[in-house]
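Take a look at the structure set out below.
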Amino acid sequence: MVESAGVQFVGVPAGKWRRYFDLRNVWDLVVTAVGVVVAVLVVGTFWPDKVFIKGGYVGLPVGVAAWLWRRPIVLHDSDVVMGITNRWLSRLASQICVAFPTTAYPSNPKLIHTGLPLAPVFYDKTVGTLDFGLRDDRPLVFVTGGSQGARGLNRLARGALPELLKRYQVVHQAGYGDYPALQRWADSVDEPDYHLFDVLPNTKMASLIKRASVVVARSGSFVFEVAAVGRAAILVPLPGSANNHQQANADYLKTLGAAVVLDQNQAESQDLVQAIDRLVGSDAGKRLAFNIKELARPDAAQVIADLLLQV
């Protein structure tokens, strides 16, 4: 994708740090050390005015190399709980861009609320066309767990479908893992108001959020796509996500009155049905949509670009 945009790309080795005992951590420390050497050569060759790091373990060797070359570092984090790489690099960074308002984080003079850059299609008022039949006389519930899917979320949705399909149409983006089993169920019931997909492109995701009365999803960076459109959201955080960031994101939105949160380990399918029933066509759903839209920053990409150009 980077090269197709006409930008030079150079890979840097990096090891993943697992938050549990695993002998692969030892090997990955060696890989990261090699990555630092490679990154020193890359940064020294490119000689950037600033180094922008979005987080993730590949950012660590690049950040260390930038610091060794005394190149200014700008970080960006999408979650309320900062990722481990960004936490390690925060002392070396000149500035830290954050997606949530700075009040969501411990006080730090380096923090700048920029929001999260999104594809412009999420801010476009045009709904867009969908190449599968949706009815105008039934509310739409959009369930999505990302490209890899979300086993717990899919389990809740699967149990709720017989009841939901009595009065709603459901588009379910299930991810690669659970798609085959859900497809077999869909074939067995032949329900015209159930539309199942493994993955969907950004344009389709944006159109579905705009068409939906309620969006059911995890609570990663996808919440900013929901915020850009302004829709009622039911969030099911991934238990045990890195630094428990999904739960922290969901809790923050719940505090703002911007989302309903269900605990994957405790919620039953009927809880999901009841939550959807409470939101569709109600003032409660409208309040959630209004409040989550406060997170939207249409100028996020421009703000970050301007910051990086201020050398």
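Couple of notes before you dig in:
- The set of residues in segment 70-100 being in contact (Cβ under 8 Å) with a residue 24 or more places away in the chain, assigned to a loop (DSSP other than H, G, I, E, B) and more than 19 Å from LEU309 (Cβ to Cβ) consists of SER78, ASP79, VAL80, VAL81, MET82, GLY83, LEU92, ALA99, PHE100.
- Here segment 47-63 is the region considered, the condition is being aromatic (Phe, Trp, Tyr) and at pLDDT 95 or above, and the residue that is farthest from GLN310 (Cα to Cα) is TRP47.
- Taking first residues from segment 121-142 that are surrounded by fewer than 10 Cβ atoms within 10 Å (Cβ to Cβ) and partners that are outside any loop (DSSP other than H, G, I, E, B), the Cβ contacts under 8 Å between residues at least 6 apart in sequence or on separate chains come to THR129/SER207; PHE132/HIS195.
- Residue selected from segment 53-69 under the condition farther than 18 Å from THR102 by Cα and in a loop (DSSP other than H, G, I, E, B), by the criterion farthest from the chain's Cα centre (by Cα): TRP69
- Single match in ARG218, ARG297 (criterion: of a type in the set (Lys, Arg) and farther than 30 Å from ARG71 by Cα): ARG218
- Within segment 160-186, considering residues that are aromatic (Phe, Trp, Tyr) and in contact with an Asp or Glu (Cβ under 9 Å, 6 or more places away or on another chain), the one farthest from THR144 (Cα to Cα): TYR168
- Residue match in segment 176-193 (condition: more than 21 Å from ASP124 (Cβ to Cβ), touching a helix residue (DSSP H, G or I) at 6+ places or on another chain (Cβ under 6 Å) and not charged (D, E, K, R)): no
- Selection status of LEU279, among the aliphatic types (A, V, I, L, M), more than 17 Å from ARG218 (Cα to Cα), in the same structural domain as ARG167 (by TED's automatic domain parsing) and buried (at least 20 other Cβ atoms within 10 Å of the Cβ): yes
- Only residues that are surrounded by fewer than 21 Cβ atoms within 10 Å (Cβ to Cβ) and either in contact with a Gly (Cβ under 6 Å, 6 or more places away or on another chain) or of a type outside the set (A, V, I, L, M, F, W, C) (or both) were counted across segment 248-275, and they come to 13.
- Being within 22 Å of PHE224 (Cβ to Cβ) and in the same structural domain as VAL143 (by TED's automatic domain parsing) is a condition met by no residue of segment 266-274.
- Scanning segment 2-25 turns up at least one residue that is outside any loop (DSSP other than H, G, I, E, B), in contact with a Lys or Arg (Cβ under 6 Å, 6 or more places away or on another chain) and surrounded by 10 or more Cβ atoms within 10 Å (Cβ to Cβ).
- One residue alone among VAL42, VAL58, VAL51, VAL37 is of a type in the set (Val, Ile, Thr), within 21 Å of GLN8 (Cβ to Cβ) and buried (at least 22 other Cβ atoms within 10 Å of the Cβ), and that residue is VAL51.
- Only residues that are modelled with pLDDT of 95 or more and closer than 22 Å to SER241 by Cα were counted in segment 17-46, giving 0.
The values are calculated or read from the model by the stated rules, or taken from the named source; none is laboratory data. None of the values given here were measured: they were computed from a predicted structure. Using ideal geometry, Cβ is built from the backbone for each residue, glycine included, and neighbour counts are taken over all protein chains shown.
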